[in-house]
């Protein structure tokens, strides 16, 4: 594993997941305050998307191998 080649991949994965998570939280807050049904229904798939992005595996070169 070469750490310097994995840093951008980890950074983009975390950045994308946190941006989607922030948008899910914003949709949830808007759903509670302005449009309850629509906002909450839109925020649930967005939370699921943020979870999936956060759970994504890195490429084989960047995986940690424990012996």
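Every number here is computed from the coordinates shown, using simple stated rules; none is lab data. Just so you know, these numbers come straight off a predicted model, no measurement behind them. Cβ: placed from backbone, ideal geometry, glycine included. Neighbour counts: every protein chain shown.
If you go through segment 8-47 and keep only what is part of a helix (DSSP H, G or I) and either exposed (fewer than 12 other Cβ atoms within 10 Å of the Cβ) or in contact with a strand residue (DSSP E or B) (Cβ under 7 Å, 6 or more places away or on another chain) (or both), you end up with 8, 11, 12, 15, 33, 36, 37, 45.
Considering only residues that are more than 21 Å from residue 26 (Cβ to Cβ) and without any contact (Cβ under 8 Å) to a residue 40 or more places away in the chain, which ones fall in segment 47-62? Correct list: 55, 57, 60.
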